[in-house]
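Step one of this worksheet: look at the structure below.
The values are calculated or read from the model by the stated rules, or taken from the named source; none is laboratory data. Keep in mind the model is a prediction, meaning the values are calculated, not measured. Here the Cβ is made from the backbone with ideal geometry for all residues, glycine too, and neighbour counts use every protein chain on show.
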Amino acid sequence: MSLHAPSPTSAPAPAAGTDAAPAAARATSSGRRPRAWAVTGAVAGLLGAVSMEASMRLGENWEQTAGDPDAIVADLAGRIPTLLVFHTATVLAAVLAIVFAAGLRRRLAERLPAASLLPTVALGGLLLVSVAGLMGSGLDTQFLFALGEPTMTVASSVAFWNEWLATISWLWVGAGVAGVALAVAALRHRAAPRWIGWVSVVLGGLTLLLGVSPLQYMAGMTGPLWMLVVALGFAVGDRR
């Protein structure tokens, strides 16, 4: 019979791939949950709405100028301040949407099973919004500062840019994708407050339906609103 006590055994390591809360969730369980990403998303949604409003103002005289490139050039030349607001708001919204996308992915991943695709789907949808904003403002520098110099512009090219301003930045269908993913995560898996889930069903679902329909540009009316409301919800009303 041995007189030596058996050496203590170490506790078994948790199995990989379990649904236990990640370290990030445990680290924030005793303190206040980070909310900067959500505030950033609210600002992005607000700027998205500003971008849409500026774009609509740029097309106020479309009935009078339709089919006349020279008239389009003259009309845009008198709207330089609105063009600057549109460009700045659109690019800032595109940049800030990336931060919101990353934060939303992390927030959902904390509560969903490790194998869930929903956080990545939400991330991908918001990245599409960012790309649409970047592309929608991508021709501004080429034309914006040349409007006052008729010899530096081709009227037909400016007319094409005018159509670009009124279309590409309105492609918020990705917000609809993110909204539907968030709705499933909230209502089926309780990974977010249920009221945020229902807001995402209504606004996110409508944005997705508009985005895949021939009325796709109408997604620019509901997408920024979804982002603003949901981001504010996470910033001030997320008590999980």
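Contact map, region 132-145: residues that are under 17 Å from Asp75 (Cβ atoms) and at pLDDT 90 or above paired with residues that are small (Gly, Ala, Ser) and surrounded by 15 or more Cβ atoms within 10 Å (Cβ to Cβ), Cβ distance under 6 Å, separation 6+ or inter-chain. No pairs are found.
If I filter region 177-185 for residues that are without any contact (Cβ under 8 Å) to a residue 24 or more places away in the chain and touching a helix residue (DSSP H, G or I) at 6+ places or on another chain (Cβ under 9 Å), do I get at least one hit? The answer is yes, given that some residue of region 177-185 is without any contact (Cβ under 8 Å) to a residue 24 or more places away in the chain and touching a helix residue (DSSP H, G or I) at 6+ places or on another chain (Cβ under 9 Å). Count of region 218-240 residues, restricted to those that are touching a helix residue (DSSP H, G or I) at 6+ places or on another chain (Cβ under 6 Å), surrounded by fewer than 19 Cβ atoms within 10 Å (Cβ to Cβ) and of a type outside the set (Gly, Ala, Ser), is 3.
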